[in-house]
1. Inside region 1-59, counting only helices (runs of 4 or more DSSP H) that do not spill past its ends, which hold 2 or more residues that are of a type outside the set (Gly, Ala, Ser) and touching a residue at least 60 places away in the same chain (Cβ under 8 Å)?
2. Is it true that GLY232 is touching an Asp or Glu at 6+ places or on another chain (Cβ under 9 Å), closer than 20 Å to TYR296 by Cα and modelled with pLDDT under 90?
3. Could you please find all residues in region 154-176 being more than 25 Å from ALA214 (Cβ to Cβ), in contact (Cβ under 8 Å) with a residue 12 or more places away in the chain and either surrounded by fewer than 13 Cβ atoms within 10 Å (Cβ to Cβ) or touching a Gly at 6+ places or on another chain (Cβ under 9 Å) (or both)?
4. Report, ordered by the first and then the second residue, all pairs with beta carbons closer than 9 Å, sequence separation of six or more or different chains, a first member in region 186-202 that is of a type in the set (Ser, Thr, Tyr), and a second member that is surrounded by fewer than 21 Cβ atoms within 10 Å (Cβ to Cβ) and in a helix (DSSP H, G or I).
5. Sort through ASP289, ASP264, ASP205, ASP197 and tell me the only one that's touching a helix residue (DSSP H, G or I) at 6+ places or on another chain (Cβ under 8 Å) and exposed (fewer than 14 other Cβ atoms within 10 Å of the Cβ).
6. Which is surrounded by 15 or more Cβ atoms within 10 Å (Cβ to Cβ) and touching a strand residue (DSSP E or B) at 6+ places or on another chain (Cβ under 6 Å), of THR255, THR213?
7. Which numbered condition trips up ALA151, out of (1) of a type in the set (Gly, Ala, Ser); (2) farther than 18 Å from GLY114 by Cα; (3) crowded, with 17+ Cβ neighbours inside 10 Å?
Amino acid sequence: MTERVTEFVAKAAAAPIELTVRDLLAIWGFRTRSYESVGRIQQDLSAVGLQCQPDFTEGPADTVVRIGYPPSPDDAQTNIGPEAAAAFDTAVDEPLRLPSSSIYVRDIPSAINGVESVHPDETLELAQTRMLAKDYSQLAVKTGPTELKGAVSWMTIATARIARSSLILADVIDSHPKVVRADEKLLNEISTISAADFAFVQDGDACICGIVTAADLANQFQDLAIPFFQLGEIEGRLRHCIERVFTLEELRAGTGKKKLKSADDMTFGDYVFLLKADDRWRRMHFRLDHGMFIAYLDDARELRNRVMHFGAELKAADKRKLVSVLNFMRNLDPRP
């Protein structure tokens, strides 16, 4: 939690603040609305009961929104100081939070990162060299930012060579490539992109601002899904280890949850709390350093809470850490 965010939330708790969506994102250090930025901001605001009106996930970036407490029947508002606002990072387990806004084409990074192109008057040799140099399967054929004349790809080149051996660029251009808009909902465009293998992306000014390929779609959904399965396996193996050692009554006493029905009802925070105690740790009979093991569990808990905000992007280091914790648990619980 940054000092800037803490200060902003404390001020909004004292008196409503109006600002643009762009300025709101900037306070959290984001430039655009994405899974990560939307999830992070919504979590931090809801943690202290603040609301955004209208919803900052919709409308242009220049839309003015109001951050403050929702009105109550008696118009009374609970005040909160900086110390309470800073207490966001409490070690609690987050429920799964699906995105409140739709997934848009622009949320795929390659959709807004520009597109490599070739001019219709340039040579086929130049187009092939550009594709080879950057390991691209296709290029846009453009005469200007908004003038898309077609696409050239290894597929169009191979198809043209069936009919003739001598080719120029004009012979291998697909004059009607698929184009989707950056502000379209991604789910509505998946079939179009998959069927064509790629589609160019057009922004609000009609400029070709990027490209989305079938591989981009696969990578995006893979990044969303894999952490869920990894965390599920980590929890399953950990619960299996705990169930072999402790009775239900001991779990209730160890977690302080008298209504606990089984280890399946435990959270990562419960695992950490249960096994922090030296006497319970010794009963696990793990020949491991106690402090390091608890640190591993706490790492997994922190990653889980981020992943539960559906679509929160994990960095490469986070993904490696998740794999490390999973491999750690597989060694402790080698069941298939």
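1. Output list reads 3-14, 35-47.
2. When the stated conditions are applied, GLY232 does not pass them.
3. Within region 154-176, just ILE168 meets the criteria.
4. Filtered contacts from region 186-202: SER194/ALA214; SER194/LEU217.
5. So the residue among ASP289, ASP264, ASP205, ASP197 that is touching a helix residue (DSSP H, G or I) at 6+ places or on another chain (Cβ under 8 Å) and exposed (fewer than 14 other Cβ atoms within 10 Å of the Cβ) is ASP264.
6. Numbers: THR255 fails: touching a strand residue (DSSP E or B) at 6+ places or on another chain (Cβ under 6 Å).
None of the other options fit; the residue is THR213.
7. Single failed check for ALA151: (2).
The values are calculated or read from the model by the stated rules, or taken from the named source; none is laboratory data. It should be emphasised that the depicted structure is a prediction, and the values quoted were computed from it without experimental measurement. Positions of Cβ are generated from backbone atoms using ideal geometry, with glycine treated the same way; all protein chains shown enter the neighbour counts.
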